[in-house]
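Working notes, beginning with the structure itself.
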């Protein structure tokens, strides 16, 4: 292997996988114990050591306040988001607000951002790859949910930098899975990728023409996944604890965290068996010092009844993806690929089969497909420009959300529409809204609502140094560009003088006030 080896990483909510390509074949990296799938968990020990992966997950029950998980659900989100509020109520570690309005987690090593915590996982995967390859890894492709917004993508890329390698591409997870399925096979198909992981759902419709992968649409939910099933089962256990011991575990974050860990085991068992009996030792200690043990019994039908609404949400997202792709019926798809560990839940497969009118593909490992596809694309990006003999993957992806600005009246004006092929560049012209105005502040957001406050705020664009002139006399051309990583870049220029203006995105600003007026 050369020093320029590229790796592909599926940085998941619950688990992560790292892969590479050697002699034209993609391989999944194993750890010393032969594990190919690594828990996305970081644990901070009293002696200053930091454990990642399976070793960290095993510390969850004994040191939950210093063992961090589900980092991906928090990365790039505002602390004020409803999703963050829900997570804070469910986890045993402390989540606080940073100066930038984004969440931080308190650990034995101090208060850390999500990119810092994600970097521990990425760094661990990088070291595993270097051990197996016997060389330094300096570049990689990291996958993210297709529905990730701009801030989430930026923060993921930042995590790669902190982990010590250059992220050459942020790749959408369903697109990566499609690469693992179809690259180098000479296919001509229209497929859908159904990606249900621990924390997110993505559904992408693609056309495959040989090694060209054209995304027709993508739809998703960044707050829907296996974690939500675990929460439902943990709540069931909490009710059982209340009935058995008259102890409300829902008021005890440590107890609920422990129940969630056992809930995951219950979910896995019921995905393989028709019924399960689970013993949970020492859910908590009562006021007399007595340990409160619990035995939970549940059958498959009981699981199905508790998660049926979550599965129906998946079907609604599938409807949305097909509509965006202008596909009239799911039976017009040649194949549907299942990706993500949560697709192993029987009700998910049953409902999808009913919806599609046929069984989705199950011959691709749902836990490894995304990382394998990321490695395939990483290898293509690592080819020399004059290498015309080695096949390359060509991706035509789309932006999952509209990108717009706030105008007078707290109304959103879309600049780049949802489902637009990326990379994309669009320019709009704005004018000043009052005399002698020298600075314009424009809210930037992602989302489809006409109401600014209902969309995701990305920050505030500030254009300063404008010449003092009458209202409407200054025309500033603002260019919004989404690159191949799905990350936004902004440029601006005064159309009268040709002088470039200073532009900065102020992260964390949510004030909807704007003093710019759209112009021709």
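Since every read-out is calculated from the coordinates, none of them should be taken as a lab result. Since we're looking at a predicted model, the values are computed, not measured. Quick reminder, even Gly has a Cβ in these numbers, built from the backbone with ideal geometry, and neighbours come from all protein chains shown.
What percentage of all Cα-Cα pairs in the stretch 226-306 are separated by more than 17 Å? It works out to 39 percent of all Cα pairs. Going by neighbour counts of Cβ atoms within 10 Å, the residues 133, 488 line up, fewest first, as 133, 488. If R0 equals 25 Å, the separation of the Cβ atoms of residue 49 and residue 254 corresponds to a calculated FRET efficiency of about 0.65. Taking 18 Å as the cut-off, the amide N atoms of the stretch 428-448 that come nearer than this to a point 7 Å along the Cα-to-beta-carbon line of residue 80 belong to 442-447.
Identify the residues of the stretch 285-300 with backbone N under 14 Å of a label point that sits 7 angstrom from the Cα of residue 245 along the Cα-to-Cβ direction, or state none. The answer is 285-296, whose backbone nitrogens lie closer than 14 Å to the label point. Stretched out straight at 0.36 nm per residue, the stretch from residue 363 to residue 450 would grow longer than its current Cα-Cα span by 27.0 nm. In vacuum, with every alpha carbon of the stretch 115-177 counted as one equal point scatterer, what does the Debye formula give for log10 I(q)/I(0) at q = 0.14, 0.26 Å⁻¹? Two decimals, please. Here the Debye-derived log intensity ratios amount to -0.39, -1.12. Residues 13, 420, arranged from fewest to most other Cβ atoms within 10 angstrom of their Cβ, appear as 420, 13. Computed from the Cα positions only, the extents of the stretch 159-229 along the three principal axes stand at 36, 34, 17 Å, in decreasing order. Between the helical axis of 369-381 and the longest alpha-carbon principal axis of the chain there is an angle of about 40 degrees. The relative contact order of the chain, computed from alpha carbon pairs under 8 Å that lie at least 6 residues apart in sequence, is 14 percent.
Note on residue 275 and residue 425: with the Förster distance fixed at 51 Å, the Cβ-Cβ geometry gives a FRET efficiency of about 0.35.
Straightening the chain between residue 285 and residue 106 buys 62.0 nm, computed as 0.36 nm per residue apart minus the Cα-Cα spacing. Cα centroid separation, the stretch 7-27 to the stretch 43-82: 22 Å.
Tilt of helix 253-272 relative to the longest C-alpha principal axis of the chain, in degrees (0 to 90, nearest 10)? Roughly 80 degrees, rounded to the nearest 10. Taking the number of Cβ atoms within 10 Å of each Cβ as an exposure proxy, the fewest-first ranking of 121, 405 is 405, 121.
Between residue 436 and residue 396, the FRET efficiency estimated from the beta carbon spacing at R0 = 41 angstrom works out to 0.35. Subtracting the Cα-Cα distance of residue 299 and residue 166 from 0.36 nm times their residue separation leaves 43.2 nm of extension gain.
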